[in-house]
Structures are given as structure tokens and as C-alpha cells.
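Readers should treat all values here as calculations from the given coordinates under stated rules, not as data from a laboratory. Model, not experiment: these values are computed from the prediction. Neighbour counts run over all protein chains shown; Cβ positions are idealised from the backbone, glycine included.
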2 protein chains.
Amino acid sequence: MKIVVVDDDVLVASALKTILEAGEDVKVAATGQDGSEALELYRQYKPDVLLMDIRMQEVSGLDAAKEILSEYPEARILLLTTFSDDEYIVKALKYGVKGYLLKQDYTSILPALKAVCTGQTVFGTEIISRIPGLFKEEKGVDWKEYEISEKELKVISLVAEGLSNKEIAGELFLSEGTVRNYISNILDKTGLRDRTQLAVHYLNAAR
Amino acid sequence: MKIVVVDDDVLVASALKTILEAGEDVKVAATGQDGSEALELYRQYKPDVLLMDIRMQEVSGLDAAKEILSEYPEARILLLTTFSDDEYIVKALKYGVKGYLLKQDYTSILPALKAVCTGQTVFGTEIISRIPGLFKEEKGVDWKEYEISEKELKVISLVAEGLSNKEIAGELFLSEGTVRNYISNILDKTGLRDRTQLAVHYLNAAR
DNA sequence: TCACATCTATTACAAATGTCACATCATCTT
DNA sequence: AAGATGATGTGACATTTGTAATAGATGTGA
């Protein structure tokens, strides 16, 4: 089974390689660091499965997946996600991604990989559980209530750098009050309690 | 060159293995997850170098190093540290540890390993730079001003899990006020501003 | 145009956080 | 015993943070 791994954290990429190659018949043909590399690597190696981080520096895993799937609709792509990327799941599904896993539980990556090879689509349990109403799609879930906007994401990342509301306001040319509103909304959406939990959550998710 | 790696993060341990074995003549004989395993593994494999995380669940790398060095004074132990463990350096030196490296720059781990094998003692540049007055030891630096106690470290780790002062107080059987004092002191020692920065700092250091 | 959503902002308020000065108690040192 | 040390605690205080209700400005689609 030929795999290509794309993750912008070199440590994670090599750790994944190690973990994967512990499995029978698994060979990591190549690893890349960014979504922009993913397409090239796919063309070059035509792996059985492409394992890719969804959040990367330049080109996101999601965008890369879209590209690749438009060129190779049969491609089997498994996205590695983190807590805070829930809102991409719908898009990923539309594009035809074959699975969506939490990076955290690396023990489930190998089984998922094999499952995908047999044509299945795989989602980590934690992921399913965080998407209320995913399988009653017809009913029309109000996604807006859960989606995190670009700006909100920016705010989160600044919180996770330890900036105060005032500093974030300066950074984004907003008033401090607006930043507070943003954060209040984010906390509401994520179910977290305060900025520290948000930072912790974000940083833990980011790998 | 026979190495034993001990790190309680399985991902990191396997990543280190991968990185190390990319080097010439380097073989990771075994990996362990905790300080308590370190002594056993050392006895069993007598590695040329023992590479060990300083901060681990049960038995810290520092304690394990002390143990091992009292039984095998010739042992070459290289501790992997993070930002927030600066205060252990002095102890580590007293015990006779052969080096102290930042986990972050994994590119320097392999060279350091070889240097240690030739009898040298190695310290990452960032580490040296963070120890004011290390080489004017005679003058007597007041380490207490910089040292972070076990309890403080515990508090920090709870902050980095997103707990509130009240929750931390409950967890550690202290009053909320005392926890506030602890955190205030910690912020003073570290030069950080608030609990969020502390959490961010700690989490970023922890890899 | 009307209705609606989005982004930004303001206000007032409640709660959590951080700082500081000081108090208490046990332990260790001399 | 006297003094120093360290861990814990308290109270007062200023600041920051989070919540809620509300409103203007802007854009978009029917």
C-alpha cells in the first residue's frame, strides 16, 4: 500500500511515517510539507492513499484536496484534522474526500487507511459526534451557528499568541468592544469558557 | 552508536527515533515512556547515549538521570528540555548530565549526540543564553529568583489545561487566593503578563 | 424598495484575574 | 531561644475579561 504524507510539521510527518510503516504492506513513498506540494506528489506517485493535514502554511489541505480530486476523481484522500476545523467537514465531503480523522488518536490512523483502501469512507468518532445532525441532512442544519469565520479564526490565533483584547483590536483595526464580542461569540460556538481555554484548545488542536 | 530514547510522548519518541536513525552508525536500541523505565533500559542496553525528556509523567528525566548516574557515573545522558525548565540546568550539571538541549531544534540533536560520544558536554545556544551569569558562577547568582518549584509547575500545567483559579485551588487543595498568588509569582518570574500567555508559552515549550 | 444578514460599535454590568501588603504557622539554622 | 525561610492564607484594589442588549451602516437578494 503506497502512501504519501503531507504535513507541514516535519516532526509530525516523520512520526506519521514511522507509525504507518509499522503496518503490514504499508510504504510511505514520499512526504511533503504543504498543500502546494501535494498535487505534484500525487501526480508523481499516484499513492493508494494521500494522508494530508488540513491546516497548512500556504495551501490548505482542503484546497489541495479540491485540486487533486478535480484532476483525479478516484483519488483517495484522508484529511487529518484537529478540533477547530470542524467547519470544513461539509466542504471536504462535497469535494469527495474519503475520510476525516483527528490527528490526536494516531492509533486509529492505520486502520482507517486500510478501510479507505477498500473503498470505505472513514470519520473519527469524535468528529461525527461533533457534527450534530450530519446524518439527518435533509432537515437542514443551520451551519452558520457552528461555522467559524476567517476573521474569527484570526482572532483565535491572536488569542493563542497571548494578545490581550486591546492588542487584538489594534492588530485588526477593530474596537476593543468588538473584539470582546467576537470572542464571546467564539466561546459560545465552541462551548469553551474563556480565552485561556480557547488558546489551549487551539494550540492542542494545531498538531 | 547505541542510543536509548525516553520520552513520554509516543509521537515525539518515535519521531526522535526516525531522526536519529537517519544518522550514520546510529541505532536506537530501545525507547521508553517514563523516567522509571530509564534505569531499567540503561541497565539492559548500556547505550552510548541516553536521550531523555526532562519532563515526564511519573519520574522526571532529572530524577532518573540522578539515579542512573549514581549507579553508572560514566553514563552519557543528554536531557531534552523545553523553555520552561531552565531552572533544572544547575541540578542537571551537578548530577553530571552530559548535555541539555532544546527539543525544538531537532536538527541539532544528532550532532550533539556525536559530540557527547566524544566526551564533550553540549548545551543548546538558546539554553546558554537564557542562563544569566552561568559562567560567572563564583559571583553567586540568586537562583531562587528564577527557579520554578514543583508546585508552581503543577499550577502552570493546570493553567495550561484551561482551569480557572477556583478549579486549580480545588485540585491542589489550596485557597483561590493562594493560587492567585502562585500565578502572580510565576508571571513575575517568567516575565509573562497573564494566564493565557502562560498557557501559550507552556504549550509551545512542551514540544 | 423591503427584508434580511453581516460587521462593527457602544453601553452597562458581572465575574475572573492579577497585584500588593501583610499575617500565620511550621520548619530549619545558628 | 532567636531568627530566617517557605508555604499558605486574607483582604483590598484595579484591571481585564465575558455577557447581553441594542443600534447604525452596509450589502444582497427577492
Q) Which of the residues that make up region B:47-75 are in contact with a strand residue (DSSP E or B) (Cβ under 8 Å, 6 or more places away or on another chain), surrounded by fewer than 22 Cβ atoms within 10 Å (Cβ to Cβ) and of a type outside the set (A, V, I, L, M)? A) B:P47, B:D48
Q: Could you please find all residues in region A:161-184 being more than 8 Å from DNA strand C (Cβ to nearest atom) and polar (S, T, N, Q)?
A: A:S164, A:N165, A:S184
Q. Filtering region A:151-207 down to residues that are among the hydroxyl-bearing types (S, T, Y) and within 8 Å of DNA strand D (Cβ to nearest atom), which residue is nearest to the other protein chains (Cβ to nearest Cβ)?
A. A:T196
